[in-house]
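Note sheet for the following structure.
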Amino acid sequence: GKGQVANYSGTSSRYSQRIVVSESVSRGWQLYTADISKAFLQGVTYEELARMTGEPVRDVNFVLPWDSVPHLRKVPGFESYDQRVEVLHCDKPGTGLVDAPRAFNMKLHEVIEKDCKLFPTSVDNELFLRHHEGKLVCIVAVHVDDLKIAGEDWARALVFQALEKVFGALTLSTLNFTNCGIRHMQSQETMDCTLDQIEY
C-alpha cells in the first residue's frame, strides 16, 4: 500500500545552503538558483526504480473521472478507451504520487553525477562539488527541484547545459532571488551577498 512506499525527497541542509553562498562570495562567483519545471513528471520509471533499488516493480493504475473520458478519446491511440473495462497505467511516478519526489531525486542525482561530474559530499548527500586540478570549480545544493549553484563560468555552464538536456529549459535567477524561503541579494561588483527573510 501507499504507506509502505518510500517517499524520500532530496533536501539539502540549511548549513549546506549557506556553504554555497559562502563559497560564492569568497571565490567571487555569481550565485544562481535554478528551478526544474514539472520535475515530478521527469523522474525515473517504475522499471528503472526497481532496477536501481532491487525493489519489486510497482504497478500503478488509475480510473479517469467519467467527464474526462471524452477528452482522452481525442488523444491518438485512446479513441476507443472504455472506462468500464480499462484503466490508465502509469509508467513512472508523477505529480500526486507519494514516490514521485524520490523518483525525481534519483534521476537528478544520476544527471548531476554522470553528466555534470559533481559528487555528493559525505556530510550532506544533497550538496555536490566538482573539483578540477585539485581546485573547487562548482558547488550545488539541491532542495527537491530547486538548485542553488555557484562556480567558475565554464563549470556552471556545463551544469546548466547537462540539466537542460535531460529536464528541459531551467528557470534561472541570479543577483536577487528567493530560494528556500530566503531572499538572496548579491552585488555584481563585489559579489557580497545579503540574506534575509523579511518577506516571510
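The values are calculated or read from the model by the stated rules, or taken from the named source; none is laboratory data. Computed from a prediction, not measured in an experiment: that's the story for all the values here. All Cβ positions, even for glycine, are placed from backbone atoms using ideal geometry, and neighbour counts span all protein chains on display. Side chains included, ligands, DNA and RNA excluded: accessible areas come from the protein's heavy atoms. Shrake-Rupley method; radii C 1.70, N 1.55, O 1.52, S 1.80 Å.
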Condition first: more than 16 Å from the chain's Cα centre (by Cα) and crowded, with 16+ Cβ neighbours inside 10 Å. Now tell me which residues in region 137-155 satisfy that. VAL137, CYS138, ALA150, GLY151, GLU152, ALA155
List pairs: first residue in region 163-186 and assigned to a strand (DSSP E or B), second residue open to solvent by less than 60 Å² (accessible area, probe 1.4 Å) and basic (Lys, Arg) anywhere in the structure, Cβ distance under 9 angstrom, at least six positions apart or on different chains. ASN176/ARG183; PHE177/ARG183; ASN179/LYS148; HIS184/LYS148
Tally of residues being assigned to a helix (DSSP H, G or I) and either charged (D, E, K, R) or surrounded by 21 or more Cβ atoms within 10 Å (Cβ to Cβ) (or both) across region 102-124: 11
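Given the residues GLY94, GLY181, which is the only one that is within 30 Å of PRO65 (Cβ to Cβ), among the small types (Gly, Ala, Ser) and at pLDDT below 90? Can you show your working first?
Details: GLY181 fails: within 30 Å of PRO65 (Cβ to Cβ).
Result of the check over GLY94, GLY181: GLY94.
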Quickly run through region 10-40 and pick out the residues that are at pLDDT below 85, surrounded by 14 or more Cβ atoms within 10 Å (Cβ to Cβ) and farther than 13 Å from CYS180 by Cβ. ILE36, ALA39, PHE40
Could you tell me which numbered condition THR190 fails, if it satisfies all but one of (1) assigned to a loop (DSSP other than H, G, I, E, B); (2) surrounded by 15 or more Cβ atoms within 10 Å (Cβ to Cβ)? (2)
